[in-house]
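Colleague: Would you mind keeping the following structure in view while I ask a few things?
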Amino acid sequence: MRIGFIGLGHMGLPMCRNLLAKGHAVKAWDVVPALVDKAVSLGAARATSVADCVAGAEAVVTMLPSSPHVRAVYAGPSGVIANAKPGTLLVDSSTIDPLTAREMAFDALAKGLPMVDAPVSGGTAGAEAATLTFMVGGAAKDFEPAKAILECMGRNIVHCGASGNGQVAKICNNMMLAVGMIATSEAMTLATALGMDPKVFAGIVNTSSGRCWSSDTYNPYPGVLDGVPASRGYTGGFGTDLMLKDLTLVTEAAKTARVPVLMGAVAQQVYQKHSADGHGGSDFSSVIIQYLKR
């Protein structure tokens, strides 16, 4: 297919590369020219603007930082919706609030453009290896053509329902992840302070009722697991500021839905403090530093 790809950051560039590896003709654009240069070196055609990127495309994939960026790229006279030809499939893999996803899909449909929201889980490693999970919101008839594209970049493609539901799945999952990471950090720190060997305690937890992904796969305590951010100074992985962004999205969505998310709100504040303390660029498991430093 002829695919326009917009947003070539840590996730977008390897996703673009994987589309190229599957034989698609990709035209790439980003506000950072050096990133476009990298995409061109991988085999993509160079776009000079959003409008140029979507001209002649059969599908457009976007991977952008936040809701305002999505609105800026999709809306307005120079945006995707105004410049893509009718029938072009739009796939937004950004993590944004569900309301923005639904509004953009509504505006796109009014111009004859089917659109799905398809945020991802799996991080930069999943993007590199084409093993991402895509949570897809949109009409059932648009899911199958979107799935054919997403399978080039991921392993698990799930239809979550109507427009915006992909975003719902993503932010609610990440709220659970954040709460679990904080709870694991507190328990690991407390057990160690009370005299337990952290590896022994982690082994008990991981064969008991406290077991979770944050304890058995991504343990935040230094020295417990090899190959995780805690074993390399909390570098790489999923950044604190990205987790804070997702928690902010989920607490705002909860206000709109009038649903109490008490633990989610506490987690948002914990990560906000952690970021303010200078750890925004560190992996989100570094939140344990908030407890270890006491």
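Colleague: For the range 149-160, state whether one or more residues are within 26 Å of ALA267 (Cα to Cα) and small (Gly, Ala, Ser).
Modeller: Scanning the range 149-160, I find no residue that is within 26 Å of ALA267 (Cα to Cα) and small (Gly, Ala, Ser), so the answer is no.
Colleague: Let me ask something additional. Being part of a loop (DSSP other than H, G, I, E, B), in contact (Cβ under 8 Å) with a residue 24 or more places away in the chain and polar (S, T, N, Q) is the filter here; which residues of the range 189-237 pass it?
Modeller: Once the filter is applied, which keeps residues that are part of a loop (DSSP other than H, G, I, E, B), in contact (Cβ under 8 Å) with a residue 24 or more places away in the chain and polar (S, T, N, Q), the range 189-237 yields ASN219, THR235.
Colleague: Just to verify a result, which residue in the range 132-188, among those that are hydroxyl-bearing (Ser, Thr, Tyr) and not in a helix (DSSP H, G or I), is surrounded by the most Cβ atoms within 10 Å (Cβ to Cβ)?
Modeller: SER163
Colleague: While we're looking at this one, here's another question. Would you please list the contacts, defined by Cβ atoms under 8 Å and residues six or more apart or on different chains, that run from a residue in the range 1-29 that is at negative phi and assigned to a loop (DSSP other than H, G, I, E, B) to a residue that is among the polar types (S, T, N, Q) and modelled with pLDDT of 95 or more?
Modeller: MET11/SER93
Colleague: Still on this structure: Go through the range 119-154 residue by residue and tally those that are within 21 Å of GLU252 (Cβ to Cβ) and modelled with pLDDT of 95 or more.
Modeller: Going through the range 119-154 one residue at a time, the tally reaches 4.
Colleague: Oh, and also: Could you identify the single residue in ALA45, ALA101, ALA105 that is within 16 Å of ARG2 (Cβ to Cβ), among the small types (Gly, Ala, Ser) and in contact with a strand residue (DSSP E or B) (Cβ under 7 Å, 6 or more places away or on another chain)?
Modeller: Exactly one of ALA45, ALA101, ALA105 is within 16 Å of ARG2 (Cβ to Cβ), among the small types (Gly, Ala, Ser) and in contact with a strand residue (DSSP E or B) (Cβ under 7 Å, 6 or more places away or on another chain), namely ALA45.
Colleague: What pairs come out if I take residues in the range 255-278 that are not assigned by TED's automatic domain parsing to the domain that holds PRO98 and part of a helix (DSSP H, G or I) and pair them with residues that are surrounded by 10 or more Cβ atoms within 10 Å (Cβ to Cβ) and among the acidic types (Asp, Glu) whose C-beta lies under 7 Å away, six or more apart or interchain?
Modeller: SER275/ASP241
The values are calculated or read from the model by the stated rules, or taken from the named source; none is laboratory data. For clarity, every value in this text was computed on a predicted model and none was experimentally measured. Note that each Cβ is placed from the backbone with ideal geometry, even for glycine, and that neighbours are counted across all protein chains shown.
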